[in-house]
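Accompanying notes for the structure given below.
The values are calculated or read from the model by the stated rules, or taken from the named source; none is laboratory data. Keep in mind that what you see is a predicted model, and the values were worked out from it rather than measured. Reconstructed Cβ throughout: ideal geometry from the backbone, glycine too, with neighbour counts over all protein chains shown. Calculation scope for accessible area: heavy atoms of the full protein, side chains included, ligands and nucleic acids excluded. Shrake-Rupley method; radii C 1.70, N 1.55, O 1.52, S 1.80 Å.
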Amino acid sequence: MTKIRECANCGYRTFYKKRHCMECGSQQWDKQESGIGELLAITSVHVSPKGVRKPNRLGLAKFEGANLVAQIGKDLNVGDNVKIDNGNTLREEDDGTQVGAQFVPAGD
Ligand SMILES: [Zn+2]
């Protein structure tokens, strides 16, 4: 499960690894379970890098205090409740981007 990073000082939340909090500059982070999110938008990318599906359906989902863009693993619609399924392929790059996370229906 992908976790939300929460600033230990001010409570700012993000999924993406950051050295400093965007709000207060703190370097102390706690990790929280992401839980269930709401799918806000869906798009399809028709030009993608080698090894990435075409078209690549992507979604934007809002979780408690943090948004995340990820691939859509199954047919989903805007407004659906989703959870993050990272399978065994999730990895975090040095720049904080995450590769391999997918949204799936929260009921699965
Ligand atoms: Zn902060």
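The residues of the chain present an accessible area of 62 Å² per residue when probed at 1.4 Å with all protein chains retained.
Sorting 10, 21 on solvent-accessible area from highest to lowest, probe radius 1.4 Å, gives 10, 21.
Given their separation in residues at 0.36 nm each and the Cα-Cα distance between them, residue 67 and residue 27 gain 12.4 nm when the chain is fully extended. Packing here is the average count of other Cβ atoms within 10 Å per residue, and on that basis the peptides 33-40, 65-72, highest first, run 65-72, 33-40. Relative contact order for the chain: 24 percent, from Cα pairs under 8 Å spaced at least 6 residues apart, divided by residue count. Each of 45, 25, 63 was placed along the dipole of the stretch 3-105 (beta-carbon charges, centred on the mean Cα), and the one lying farthest toward the positive end is 45. When nucleic acids and ligands are ignored and a 1.4 Å probe is applied, residue 47 ends up with an accessible area of around 130 Å². Take every Cα pair under 8 Å whose residues are at least 6 apart in sequence, average their separation, divide by the length of the stretch 1-43, and the relative contact order is 42 percent. Using only side-chain charges placed at the Cβ, +1 for Lys and Arg and -1 for Asp and Glu, the dipole size of the chain relative to its Cα centre rounds to 340 debye. In summary, the lysines within cross-link reach of residue 74, defined as a Cα separation below 18 angstrom excluding same-chain residues under 8 places away, comprise 54, 62, 83. Each distinct pair of alpha carbons in the chain adds a 1/r term; the inverse of their mean, the Kirkwood radius, is 14.5 Å. A full extension of the chain between residue 36 and residue 106 corresponds to an added length of 24.5 nm, given 0.36 nm per residue minus the alpha carbon distance.
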